[in-house]
Amino acid sequence: MKRYFTHYWTNKTWDYFVERMSEDTEKTLRHTAGNMFRDRGISKGDGVYIITVKQGQLLLLTRLTVANVCGIEGAARLLGRDPEGLWEAEDHIVAESPAAIRPTFEVPVPLKITEQLRFQSYPQSKSLRFVEPGILNQQTLRASWRARA
């Protein structure tokens, strides 16, 4: 059964990536790295949404469909890259195919949708926290969560 997760990028990581992608004509992502993918049970076929929160708004970069969850050496081999050129992390996700990235990085997920999101945090689901109406708490998505439809 396919499951869906979020992977939060800090604003610093997001901004670094946006700067690098502005020079890339393909605008795709095939890989991401973190320290909790295997702990969360992310596996082949799962969907992972790359997100951040800026100025109280949820931003979505893309969704990767997982082909492999591995260490840095495995990711480097699968991507045909040097391990030193990859983000230092325990876990790496390599996607089944390159995922398209939104042409503009600063378009927020509509507030109506953000308010409806629920995340599985065993044993129950949780809604997102807002610091005030319409302003998402910067810390509410700092961990990889399993999303529920």
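Observations, loosely collected:
- Single condition residue 37 does not satisfy, out of (1) modelled with pLDDT of 90 or more; (2) surrounded by fewer than 14 Cβ atoms within 10 Å (Cβ to Cβ): (2)
- Cβ-Cβ contacts under 7 Å between residues 6 or more apart (or on different chains), taken from a first residue in the range 5-28 that is at positive phi to a second residue that is exposed (fewer than 12 other Cβ atoms within 10 Å of the Cβ), are listed as 27/103.
- Among the candidates 64, 59, residue that is more than 16 Å from residue 119 (Cβ to Cβ), touching a strand residue (DSSP E or B) at 6+ places or on another chain (Cβ under 9 Å), modelled with pLDDT under 95 and not in a loop (DSSP other than H, G, I, E, B): 59
- Number of positions in the range 105-138 that are of a type in the set (Val, Ile, Thr), at pLDDT 90 or above, exposed (fewer than 14 other Cβ atoms within 10 Å of the Cβ) and not in a helix (DSSP H, G or I): 2
- Lone qualifier among 2, 12 - being out of contact with any His (no Cβ under 9 Å at 6 or more places or on another chain) and closer than 22 Å to residue 107 by Cα: 12
- Contacts under 6 angstrom Cβ, first residue in the range 74-100 being under 18 Å from residue 38 (Cβ atoms) and of a type in the set (Gly, Ala, Ser), partner modelled with pLDDT under 95 and surrounded by fewer than 14 Cβ atoms within 10 Å (Cβ to Cβ), 6 or more apart: 89/35
- Note on the range 85-95: residues that are modelled with pLDDT of 95 or more and either in a helix (DSSP H, G or I) or aromatic (Phe, Trp, Tyr) (or both) total 0.
- From the options 86, 59, 64, 78, residue that is farther than 20 Å from residue 136 by Cα and under 12 Å from the mean Cα position of the chain (by Cα): 64
- Of residues in the range 44-86 being closer than 21 Å to residue 12 by Cα and touching a Gly at 6+ places or on another chain (Cβ under 8 Å), the one surrounded by the fewest Cβ atoms within 10 Å (Cβ to Cβ): 56
The values are calculated or read from the model by the stated rules, or taken from the named source; none is laboratory data. These figures come from a predicted structure and were not determined experimentally. In this analysis, Cβ positions are derived from the backbone assuming ideal geometry, glycine residues included, and neighbour counts consider all displayed protein chains.
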